[in-house]
1. Rounded to the nearest 0.05, what FRET efficiency do residue 267 and residue 92 give with R0 = 35 Å and r taken as the Cβ-Cβ distance? Could you check?
2. Arranged by the count of other C-beta atoms within 10 angstrom, fewest first, what order do 16, 154 take?
3. Which cysteines in the chain lack any other cysteine whose Cβ sits under 4.7 Å from their own Cβ?
4. Per-residue HN-Hα couplings for the stretch 155-172, Karplus 6.51 cos²θ - 1.76 cosθ + 1.60 at θ = phi - 60°, whole Hz, x for Gly and Pro?
5. Can you give the log10 of the normalised intensity I(q)/I(0) at q = 0.07, 0.11, 0.16 Å⁻¹, computed with Debye over equal Cα scatterers of the chain?
6. Please list, in chain and number order, the residues 5+ apart from residue 136 or on another chain whose amide H is under 5 Å from its amide H, with Hs placed from the backbone.
7. Calculate one ³J(HN,Hα) per residue across the stretch 69-75 by plugging θ = phi - 60° into the Karplus curve 6.51 cos²θ - 1.76 cosθ + 1.60, and present them in order as whole Hz with x for glycine and proline.
8. Once the Cβ-Cβ distance between residue 13 and residue 165 is put in as r, and R0 is 51 Å, what FRET efficiency do you end up with, to the nearest 0.05?
Amino acid sequence: MSQAEIQFQLDAALARELDRAAELLCGARQVVVLTGAGLSVESGIPPFRGPGGLWTKYGEPPLDGYQRFMRDPAEAWRKMLSPSEPWLRGLHETLGAARPNAGHRALAELERVGRVHCLITQNVDDLHRQAGSRALLEIHGNYALLRCLGCGARFERAGFAVDPERLPPRCPNCGGIVKSDTVSFGEPIPEDVLARCFEAVAGADCMLVAGTSGTVYPAAGFPVEVARSGGRVIEVNLEPSELSALASVQLLGPGGALLTGLLERVRARIAEAA
Ligand SMILES: [Zn+2]
């Protein structure tokens with residue numbers, strides 16, 4: 001076979017898989033999406049670890065970040081306001097410069113046309129929100145938000161007045177201590193978010209997984225749960241992962257192009273049915 005023939009067959013196989021994925025999305029009662037760091041690589045956010053990773057470049061955040069915060073919230077806030085710690089400065093600079101990519105936009109549009117009911121993300125980069133996703137569950141929090149440890153209220157970091165003379169800042173609703181919404185190392189996932197994740201997953205008969213290899217719990221358990229209860233799993237990843245064995249449809253390649261292709265096919269099916 002010539003190189004061109006091989007490419008043609010690959011394209012044809014991928015087109016078939018995209019058609020199958022679109023068919024599953026359109027036939028499902030409740031579709032839940034699960035995304036991870038791989039989806040944001042095309043937005044210029046490197047993975048945390050490994051060559052070129054954020055932690056490799058700027059140093060690791062403390063593995064007991066939550067315990068440190070709880071021991072001395074005022075001191076933790078002083079560090080946050082004048083980030084002497086390179087990993088924190090590096091993280092915020094990288095995230096602040098990033099913009100949603102075609103993959104984020106396609107997922108937001110799939111929600112808008114009624115084919116995605118809820119999106120669970122492990123990313124803290126705010127890009128799903130910027131792309132327009134509404135039914136969003138950020139299990140590791142969102143770096144652009146602050147969270148009250150008392151009542152769980154979230155506040156936009158940019159609009160929240162912090163008096164450096166009176167740290168830590170307090171919640172205007174309940175007086176509780178306010179912390180970055182990003183879940184620190186050692187911090188439990190906020191109960192409100194986790195409860196909504198379990199509820200969404202329990203009701204899902206289809207899960208679209210994009211940009212995550214399914215190794216970090218609790219997120220790794222979600223596709224397992226959907227498959228166990230008879231639902232279908234669609235995987236969108238650069239390479240096969242630990243989730244591949246569960247997947248009814250596997251789409252291997254860059255998330256931006258694949259999710260855009262998937263959206264086009266879903267739109268075509270919706271138009272046909274109308
Ligand atoms: Zn509060």
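1. Details: r = 36 Å, r/R0 = 1.04.
Plugging the Cβ-Cβ distance into 1/(1 + (r/R0)^6) gives 0.45.
2. Working: 16 11, 154 17.
So the residues, fewest neighbours to most, are 16, 154.
3. Lone cysteines by the Cβ rule: 26, 118, 197, 206.
4. Values per residue, Gly and Pro as x: 9, 5, 4, 5, x, 9, 6, 10, 8, x, 7, 10, 10, x, x, 10, 6, x Hz.
5. Calculated log10 I(q)/I(0) at the listed q: -0.28, -0.66, -1.24.
6. Correct list: 119.
7. Karplus-based 3J(HN,Hα) across the stretch 69-75 equals 4, 5, 5, 8, x, 5, 5 Hz.
8. Details: r = 63 Å, r/R0 = 1.24.
Calculated value: 0.20.
Computed from the coordinates by the stated procedures, all read-outs in this text should not be read as laboratory data. Owing to the predicted nature of the structure, the values given are computational and were not obtained by experimental measurement. Methodologically, a virtual Cβ is constructed for each residue, glycine included, from the backbone with ideal geometry; neighbour enumeration extends over all protein chains shown.
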